[in-house]
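Novice: This is the structure I want to talk about, given as C-alpha cells.
The values are calculated or read from the model by the stated rules, or taken from the named source; none is laboratory data. Note that the structure is predicted; figures quoted are calculated from it, not measured. Cβ coordinates were reconstructed from backbone atoms using ideal geometry, including for glycine residues, and neighbour counts include every protein chain displayed.
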Amino acid sequence: MKRATVGLAVVFVVMLASGATAQDMSKVINTPHNLSTLDVWGVVIPQNRVCLPCHTPHNARSVENGQSEVLWNHAITDQTFDMYTTAAGNQGGQPEGPSKLCLSCHDGATAIDDFGGNDEFFGNVVSSADRPSNLGTDLTDDHPIGVEYPPPDLTGYNDKSTFTGVKVVTINGVDRVECTSCHNAHDNSLGMFLRQTAEGSALCLECHDR
Ligand code: HEC
Ligand code: HEC
Ligand code: HEC
Ligand code: HEC
C-alpha cells in the first residue's frame, strides 16, 4: 500500500515538472479568457463554468438574422467603429461575425461581465482605457478586418491553401480577414491567443509574401 502511494506521488511530481497538468494553455480555463482568474475584473462565474460568459446551451442571444452564432451568451456590442483604410483604398464594413463577438468585450464600452441576461450577472465591469486589451471603437490603428482575402488586384499575398495556422472567415460567400483569422479565443499555447507564432513574424508571412 505504502509503496503504491509513493509511486503515484512520484508520477504526479514528474507531470507537474513537465508542465503537463495544471497550466495547459490550450485549455480556456488556464487562459485570460477564464474571466474568473482575473482579480482585476472581480467577475464571478457560477460553478466556475468557464464557457458561460461566452456560450450557453439554451436561450442564446440572436446575433445576426435572428439566429444565434455559436450559442452566444454575452451582450453584443452596439458601438459604431472607425475602420482602417488600406493604401489600396480597401476598407471593411462595420464588424460582423466572429469579430463582432470579440469586440463585445474588447471595445472598451460593453461590460465584460454582461452575460447570461439574468440578475446573477451585473454588467458592471468595463475595461479601462489604459489596458492594451481595450481596442476601443477606433480601429484605424489596428490591422484591417472585414477585408477580402486575397485582396482583389493586389500581389504579395499567399494562396490560402498554403496556410498552416491562420484562416480566412467566409461571410456572405466572401473570404475575409477577421479577428479569428489570427486569433483563437480558446487556445493560448502560442500566447496572445494567436493561431501562428509571432516568432520570425511567421504569423504575418502566412498571408503576406514579403
Ligand atoms: C471569451 C469568450 C469565449 C470563451 C470563454 C469560450 N469561447 Fe467558445 N467561442 C468563442 C468565440 C468568439 C467563438 C467563435 C469562433 C470563430 O468563429 O472562429 C467560439 C466558438 C466556439 C465553438 C464553435 C466551433 C469553433 O471552435 O469555432 C465551440 C464548440 C466552442 N466555442 C466551445 C467552447 C467551450 C466548450 C468553451 C468552454 C470550455 C468555450 N467555447 C469558451 C468565444 C469563447
Ligand atoms: C467575454 C469577454 C471576452 C470576449 C468575448 C473575448 N475576450 Fe479576449 N479577453 C477578455 C479579457 C477580460 C481579457 C484579459 C484582458 C486584460 O487583462 O486586460 C482578454 C484578453 C485577450 C487577449 C490578450 C491575451 C493575453 O495573453 O494577454 C487577446 C489576444 C484576446 N483577448 C483576443 C480575443 C479575441 C480575438 C476574441 C474573439 C475571438 C476575444 N478576445 C473575445 C475578454 C473577452
Ligand atoms: C492580422 C492578424 C491579426 C488580426 C486580424 C487581429 N489581431 Fe489581435 N493581435 C495580433 C497580434 C500579432 C497580437 C500580438 C501583438 C503584440 O504582442 O504586441 C495581437 C494582440 C491582440 C490583443 C492583445 C493586446 C495586448 O497588448 O494586450 C487583443 C485584445 C487583440 N489582439 C484582439 C483582437 C481583436 C478583437 C481583433 C479583431 C477586431 C484582432 N485582434 C485582430 C494579430 C491580429
Ligand atoms: C489572414 C491573412 C493576413 C495575416 C495573417 C496578416 N495580414 Fe496584413 N493584411 C492582410 C490583408 C488582406 C490586408 C488588406 C490589404 C488590402 O486590401 O489593401 C492586410 C493589410 C496589411 C497592412 C496594411 C497595408 C496598407 O495598404 O495599408 C499591413 C501593414 C499589414 N497587413 C501587415 C501585417 C502584419 C505586420 C501582420 C502580422 C502581424 C499581418 N499583416 C498579418 C492579410 C493578412
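Novice: From the list Ser189, Ser104, Ser161, which residue is of a type in the set (Ser, Thr, Tyr), more than 12 Å from ligand 4 (Cβ to nearest atom) and either without any contact (Cβ under 8 Å) to a residue 12 or more places away in the chain or on the phi > 0 side of the Ramachandran plot (or both)?
Specialist: Unique residue meeting the criteria: Ser161.
Novice: Could you pull out the residue among Asp107, Asp141, Asp113 that is among the charged types (D, E, K, R) and either exposed (fewer than 15 other Cβ atoms within 10 Å of the Cβ) or away from ligand 1 (no atom under 16 Å from the Cβ) (or both)?
Specialist: Of Asp107, Asp141, Asp113, the one residue that is among the charged types (D, E, K, R) and either exposed (fewer than 15 other Cβ atoms within 10 Å of the Cβ) or away from ligand 1 (no atom under 16 Å from the Cβ) (or both) is Asp141.
Novice: Here is a further query. Go through the residues of region 110-120 one by one and say whether even a single one is free of Cβ contacts under 8 Å to residues at least 24 places away in the same chain and in a loop (DSSP other than H, G, I, E, B).
Specialist: yes
Novice: Just the residues that are surrounded by fewer than 14 Cβ atoms within 10 Å (Cβ to Cβ) and not charged (D, E, K, R), please, taken from region 146-156.
Specialist: Pro152, Leu154, Thr155, Gly156
Novice: Could you tell me how many of the residues in region 164-186 are touching a residue at least 12 places away in the same chain (Cβ under 8 Å), surrounded by 12 or more Cβ atoms within 10 Å (Cβ to Cβ) and either within 12 Å of ligand 3 (Cβ to nearest atom) or in a loop (DSSP other than H, G, I, E, B) (or both)?
Specialist: Counting residues in region 164-186 that are touching a residue at least 12 places away in the same chain (Cβ under 8 Å), surrounded by 12 or more Cβ atoms within 10 Å (Cβ to Cβ) and either within 12 Å of ligand 3 (Cβ to nearest atom) or in a loop (DSSP other than H, G, I, E, B) (or both) gives 15.
Novice: If you don't mind, there's one more thing I want to ask. Of the conditions (1) modelled with pLDDT under 95; (2) aliphatic (A, V, I, L, M); (3) in contact with a Pro (Cβ under 6 Å, 6 or more places away or on another chain), Leu71 fails just one. Which one is it?
Specialist: (3)
Novice: Within region 132-158, track down each residue that is within 13 Å of ligand 3 (Cβ to nearest atom) and without any contact (Cβ under 8 Å) to a residue 12 or more places away in the chain.
Specialist: Result: Pro132, single match.
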